1. Look through region A:19-39, keep the residues that are more than 8 Å from chain B (Cβ to nearest Cβ), touching a residue at least 24 places away in the same chain (Cβ under 8 Å) and in a strand (DSSP E or B), and return whichever of them is nearest to residue A:4 (Cα to Cα).
2. Among the listed residues A:219, A:230, A:207, A:188, which satisfies the condition of being crowded, with 24+ Cβ neighbours inside 10 Å, within 19 Å of residue A:142 (Cα to Cα) and under 14 Å from the mean Cα position of the chain (by Cα)?
3. I want to confirm something. Restricting to region B:62-83 and keeping residues that are within 14 Å of chain A (Cβ to nearest Cβ) and surrounded by fewer than 18 Cβ atoms within 10 Å (Cβ to Cβ), which single residue is farthest from residue B:3 (Cα to Cα)?
4. Go through the residues of region A:190-208 one by one and say whether even a single one is modelled with pLDDT of 95 or more, touching a helix residue (DSSP H, G or I) at 6+ places or on another chain (Cβ under 6 Å) and in a strand (DSSP E or B).
5. When only residues in region A:40-51 that are assigned to a strand (DSSP E or B) and touching a residue at least 24 places away in the same chain (Cβ under 8 Å) count, which is farthest from residue A:88 (Cα to Cα)?
6. Is it true that some residue in region B:122-129 is at pLDDT 75 or above, touching a helix residue (DSSP H, G or I) at 6+ places or on another chain (Cβ under 6 Å) and either farther than 15 Å from residue B:203 by Cβ or within 14 Å of chain A (Cβ to nearest Cβ) (or both)?
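The values are calculated or read from the model by the stated rules, or taken from the named source; none is laboratory data. Note that the coordinates shown come from a computational prediction; the quantities given were computed from them, not determined experimentally. So basically every Cβ, Gly included, is an ideal-geometry build from the backbone, and we count neighbours across all protein chains shown.
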């Protein structure tokens, strides 16, 4: 357990393509249970999980003070502790108050940085979706031009220093849709949502380019939409790489000038 | 409606402090209703909201194809359209399937970038929490040293290029807790959660320093914990600034070398 995972990638620099071992930030789901009942699943980097569960439940106002907290313990998976499942108990008084409050909650809220897609377990996704089978490929020169192409379509991008952008291109580099938002996940939802409304799904001849990091949820959204190629200017998480591998999605990161890293399915980069 | 809002800030450069008008990325809640019932609230940058709602419901697998979609319309607020409330209807067949599927869902998932805190409406927060009244202040030289102090405590930070960090300091610059995570919100939850477990809340003599952007949720978490000063290396959203103003929290952004911006309650920067 640590915040980084070793991954084998292709490092492309100009015309050279080299297979090297790199590090990806670890991303795994932590299931938080309240008195044995699933309460929330948090996509997180493993480490300090008890603190995370306590802080999460505090911000949710389930815990109001340390006095509300009974225990935080790893559930057992046979003889071993289940690293990704924590059970939290409340003191008896607080438990009654929380049961009443939870019965009152009608709906959930997504935050600036993402949707609630993780709600669907990865297993559900596997059961529902086939791997993306698109035979389309993207030329290296086109791939490395995507950051500039997206920037040109977003005159307001970076005016505040606080916006993320997502763009959907075809394999000739033509921009089909672009969006910007404080949340990278929202920008992706806007782009895919527009295509859905225009009845242009699945997007099997397109590449999704995003600013910032690629997490599990970005790859999941691309998978739902049938997008065969996801690229970003920054890093990809361990779970994003795993899911891309399984989904048949070509995943590329750190696209800058003449260089980038390929994390999964390199065959579509020509 | 646009992605940026004008805000009055103090721009500090070395020993000069100037009041200027700057731009902050807009962040507002979008309530998505399904057949008139609240389904989710998304913290987003206004613009392209129909696409966002469609893409969000697609990634949630409520919409599977464009054929499932009936209408997407702004709700009315008297005579005017309510800009932050959209009602979505499904076709009759899909509606039956969704009703059955939703009854099955037991719990929600948070994503890599944040908790579900937004779940609590801002109004609830206002009703539950008093403004932070701490009289502590932080010297300029200490504030600008926080990025380096946090970096020193995080030997793994940036090894992957994919981690966010949060640190809690006292007003003399001593680090009390630090955490790193793929999600900025998780890193904050880890730090505050550790303090909760150690029964050290409220954190009225501390400053929270985060890598990356400051959104509404970061300020909300700080408010819950009674933290009077939040600083980051990057931009703050319009809603983060509004809530900090109301919560009595000093909000600082773009802390780099000798310079930074003060968005709210400048009195605590000495």
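1. A:22
2. A:230
3. Residues of region B:62-83 within 14 Å of chain A (Cβ to nearest Cβ): B:62-73.
Subset that is surrounded by fewer than 18 Cβ atoms within 10 Å (Cβ to Cβ): B:64-67, B:70-71, B:73.
Details: B:64: 29, B:65: 29, B:66: 27, B:67: 31, B:70: 28, B:71: 25, B:73: 21 Å.
Per the criteria, the residue is B:67.
4. Yes, the conditions are met somewhere in region A:190-208.
5. A:43
6. Yes, some residue in region B:122-129 is at pLDDT 75 or above, touching a helix residue (DSSP H, G or I) at 6+ places or on another chain (Cβ under 6 Å) and either farther than 15 Å from residue B:203 by Cβ or within 14 Å of chain A (Cβ to nearest Cβ) (or both).
Conditions (1) in contact with a strand residue (DSSP E or B) (Cβ under 8 Å, 6 or more places away or on another chain); (2) within 11 Å of another protein chain (Cβ to nearest Cβ); (3) without any contact (Cβ under 8 Å) to a residue 12 or more places away in the chain; (4) over 27 Å from residue B:17 (Cβ atoms), marked per residue:
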residue	(1), (2), (3), (4)
B:181	yes, yes, no, yes
B:194	yes, yes, no, yes
B:199	no, yes, yes, yes
B:227	yes, no, no, no
B:262	yes, no, no, no
B:267	yes, no, no, no
B:270	yes, no, no, no
